[in-house]
């Protein structure tokens, strides 16, 4: 286990981590993700998932900070940027040095956020270069996604690779939506 990683974090085979990295409780790091912090640091907040083939790196002068209840989806790159709590970064998106993505935002798949760009909380961000295309607080929907990945990681740790099917899953999902809608999941 990497020194700065909470003992509850599920780390898939094939993950590579180097340098000054802190990962909080309840997170999951999926196959072939790479996290490197040779000079600045990487910090990942609780209940966040770093999905397959994600690349997280630092800038020479910029640490990378990812908040709690975030989903950084397949093939995304986060490089020396700040992603606030309750965000979702879409497939193959890139977020560059000094950029800030505000709480409850969604970065669309394939978006390219340029250096030092700042996006307000509750932004839907898309395009190349990325721009805010809509304002809506997606915190709750993004937290549900984080809970899904938390559940999935616990199942994978048991060798169960089919946790998102069946009656029990549907009941769990409905209960999770209720907990998130009332913010009980934050307690």
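Built from the Cα atoms of the stretch 139-186, the convex hull projects on average onto 3.2 nm², one quarter of its surface area. Across the alpha-carbon atoms of the stretch 23-82, the computed radius of gyration and Dmax are 10.4, 29 angstrom. All C-alpha pair distances within the stretch 10-135, sorted into 5 Å bins from zero, spread as 3, 13, 24, 29, 19, 9, 3, 0 percent across the bins.
Summarise the long-distance tail of P(r) for the stretch 88-145 by giving the % of C-alpha pairs beyond 20 Å.
In whole percent, the long-distance tail amounts to 12.
Mark the label point 7 Å from the Cα of residue 184 along Cα→Cβ and return the residues of the stretch 158-172 whose backbone N is within less than 15 Å of it. Under cut-off, by backbone N: 171-172. Taking other C-beta atoms within 10 angstrom as a stand-in for reagent exposure, 161, 57 fall in the order 161, 57, fewest first.
Every number in this text was worked out from the coordinates using simple rules, so none of it is lab data. Nothing here was measured: the structure is a model prediction, and the numbers come from that model. Reconstructed Cβ throughout: ideal geometry from the backbone, glycine too, with neighbour counts over all protein chains shown.
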